[in-house]
Structures are given as C-alpha cells and as structure tokens.
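Report on one structure; see the data block that follows.
The values are calculated or read from the model by the stated rules, or taken from the named source; none is laboratory data. Keep in mind that this is a model prediction, so the values were computed, not measured. Here the Cβ positions follow ideal geometry from the backbone for every residue, glycine too, while neighbour counts run over all protein chains shown. The area values use the complete protein model at the heavy-atom level, side chains included, leaving out ligands, DNA and RNA. Shrake-Rupley method; radii C 1.70, N 1.55, O 1.52, S 1.80 Å.
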Amino acid sequence: MGGRNLFFAAVISFSAALITYNIIISANASLKQEFPGQSATKSSVDPIIRMPTDSSKKKTRRLFHTAVTASDSIYNTWQSRVMYYWFKQQKLRHPNSDMGGFTRILHTGKPDRFMDEIPTFVANPLPDGIDQGYIVLNRPWAFVQWLQQVNIEEDYILMSEPDHILVKPIPNLSRDGLGAAFPFFYIEPKKYEKVLRKFFPEERGPITNIDPIGNSPVIVGKDALKKIAPTWMNVSLAMKKDPEVDKAFGWVLEMYAYAVASAFHGVGNILYKEFMIQPPWDTTIGKSYIIHYTYGCDYDLQGKMTYGKIGEWRFDKRSYDNVWPPRNLSLPPPGVPESVVTLVKMVNEATANIPNWGS
C-alpha cells in the first residue's frame, strides 16, 4: 500500500512539474522557439476546396477514437451522458462504421461517480488562477495529458463536445494527411491577421493557412494531434495572457489557438459544412452527422421563433446548468423546424434509457 501511495505521489509531482514548465515557457519564451516540429510544411493540397470523394476500391475501415473533454459539473455531466448514449446507439446500429472507442477526458484531477458508465480518463486541471476564469483553457492541457499517458489503439481522433448529439454514424472524413473540420463563420483569421502574426509568423506562410475552425468537431490523425496539442496548449495560454488578443477573441480564443497550432504544424483541414448543424438556425438534419445544441431554441405556441426573447416553448441547455433536465421534456409546438424537434426527441430518448437519470 505504501509503495502505491509513493507511486501516485511521484506521478502527481511529475505532472505538476510538467505543467509548471510549460506555463513558464509559454509566459517567458519566444513562441517560435518552443513549438515542436519546426520543419513541418503545409500540404500542397488546398484544404478549403478539396472534399472527400467516393473511391471505387473496396472501403477499408479507418477507425477513429472519439474524445470529449468535460468538467464534473451537473451541466457538463448530463450533456456527456446524453452524448455517450447516442454514441453507443450509433455504434450498435452500425457495427461496420469507422467509429472506434470513446473517452471522456475529465479535467478535474479526480474521478467522479460516472466512471463506470462512461469510459473516462482523469486529467489534472491547470493550476489555480492560470485559466483566469476561462475554464476552456483546461481542454488543450487535458488533451496533452491524455495523448501522452494513454495507448490509443485507433490511428485517428475525433474531438467532440458534450453538447453534441450523433444523429447518424460518422465516417472518417479525413483524407491524405488532412484533418476534417467544421468551418465556423465567426473564426476569421484574415480579419485578425495582425494579432495572429504574433503566433503564426510570416515565414510559416500566408494567414490563409489558418483554417476557420476550432478543435471540435475535428477528425485528425493521432500522430498529428500529438504534435499539435502541446502547441495548442501553449498558444492558448499565451493568447490569454495577451490583453490585445484576449479582447479580440473572447470566448473563442481557444478555438483560434487550435487553428493556429494546426497550421503551424502543416496540418490542413477539409472544411466539411455538413459535419454538424446548430439549431435553431439550421432547420433540417439533411446529411449532417451531429446536432450541436449551443444556442437556445425559443418559440411561441404558433411555432414562430422568438430568438432573443424567452419563448412560450423553449429548450436551452443553460436552463439546466445546476439541475438535471427532467425526463420527457415537452415537445415543440407544430411548425417548429425538424432540427429542434429531433433534438428534443433524442434528448428524451436518452434520458428515458439512461439508468438513475437525475441522481
């Protein structure tokens, strides 16, 4: 027993030393000097226009591992449980898909009571005060720990989030060394070229090498992500420390940091608009694989959207930041778009079938 305690003490001490080293480096050293893989070059294939194409050859499975970062808050936990329920359902219904294993990366430093329900890796959080109240900064640091400490069988990683619901199995959309990512309209590297050049110097190439993406949803090669993740972490910390950059990017700062890190290591991305939809603005499911319920859905009883005003009927994940959503949420009134109806029905199916819901 004493030997085991000594081992865990040594692991904790090593982790603390490692994060302290990275923080000191990112705070005081030139970013150009600290990035690994300086010799990486940008792919000659334009990731913006190249899209996946069907092959006449027999398809071979290229498995990817799904990873979701989360805290142990009620808000993150209920979303993670719903997300994992639908991950399991899609794998069960489509056993020949490219979907491999699943890990919730819990960045709290301690296990919670859902370890037996959801495959979980416990990562250490950043030291107190480092995130400056921006808890998302724990995401890249958690990925660094997971990638360094776990033997991941699959060759690819899908970075997903708790508020993603899988409406169909996701194929491996990455191709030819490129990642596959959803393009966000509010990630605008050209608009912020001045501040981004602090982290992506001109010798690395044109600012258009930085794709308009975040880290999620992204499917990327495991070996590529092992190079990207430490840079993503250091750029995130450095951006948050810079008042000009922090003001420019706000709540999407960590997304910009991933886009910069991916470009810095020469990993371009296929921009796949049908990767996911975001109700209520996207009204149909179409060919999409994920429902991302980041926005509130508000409607009157005639089915008219009242965005910006609390509707007579509403579904907003923020209504359940400290309480579990009840089972059997009321369905939207007639006239509400398919995307919102499907979202609520899928949440209801999950909560009806997850044991001990709300406990």
Is it the case that some residue within the stretch 115-122 is of a type in the set (Ser, Thr, Tyr), modelled with pLDDT of 95 or more and over 20 Å from the mean Cα position of the chain (by Cα)?
no
Scan (1) farther than 27 Å from ILE152 by Cβ; (2) within 14 Å of the chain's Cα centre (by Cα); (3) buried (at least 23 other Cβ atoms within 10 Å of the Cβ) for the single condition MET239 breaks and write down its number.
(2)
Single match in PRO127, PRO171, PRO212 (criterion: assigned to a loop (DSSP other than H, G, I, E, B), at pLDDT 95 or above and over 16 Å from the mean Cα position of the chain (by Cα))
PRO171
Mind counting the residues in the stretch 274-295 that are small (Gly, Ala, Ser) and open to solvent by less than 10 Å² (accessible area, probe 1.4 Å)?
1
Being of a type in the set (Gly, Ala, Ser) and assigned to a loop (DSSP other than H, G, I, E, B) is the filter; apply it to the stretch 174-193 and report the residue that is nearest to LEU92 (Cα to Cα).
SER174
How many of the residues in the stretch 87-114 are assigned to a helix (DSSP H, G or I) and surrounded by fewer than 20 Cβ atoms within 10 Å (Cβ to Cβ)?
6
So LYS304 fits all but one of (1) open to solvent by 20 Å² or more (accessible area, probe 1.4 Å); (2) more than 17 Å from the chain's Cα centre (by Cα); (3) within 25 Å of ASP131 (Cβ to Cβ); (4) not acidic (Asp, Glu); what number is the exception?
(3)
Among the residues of the stretch 323-354, write down those that are under 15 Å from ILE165 (Cβ atoms), small (Gly, Ala, Ser) and loosely packed, with under 15 Cβ neighbours inside 10 Å.
ALA352
Can you name the residue in the stretch 130-151 that is open to solvent by 10 Å² or more (accessible area, probe 1.4 Å) and touching a His at 6+ places or on another chain (Cβ under 9 Å) and, of all such residues, is modelled with the highest pLDDT?
ARG139
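Would you call ASN269 touching a residue at least 24 places away in the same chain (Cβ under 8 Å), crowded, with 24+ Cβ neighbours inside 10 Å, under 24 Å from TYR84 (Cβ atoms) and not hydrophobic (A, V, I, L, M, F, W, C)?
The answer is no for ASN269.
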May I ask you to list pairs of residues, at least six apart or on different chains, whose Cβ atoms are under 8 Å apart, with the first in the stretch 80-109 being under 22 Å from SER174 (Cβ atoms) and hydrophobic (A, V, I, L, M, F, W, C) and the second being assigned to a helix (DSSP H, G or I) and modelled with pLDDT under 95?
none
Looking at the stretch 314-348 only, could you name the residues that are part of a loop (DSSP other than H, G, I, E, B), closer than 13 Å to GLY303 by Cβ and under 23 Å from the mean Cα position of the chain (by Cα)?
none
Out of all the residues in the stretch 70-79, is one or more in contact (Cβ under 8 Å) with a residue 60 or more places away in the chain, open to solvent by 50 Å² or more (accessible area, probe 1.4 Å) and not in a loop (DSSP other than H, G, I, E, B)?
yes
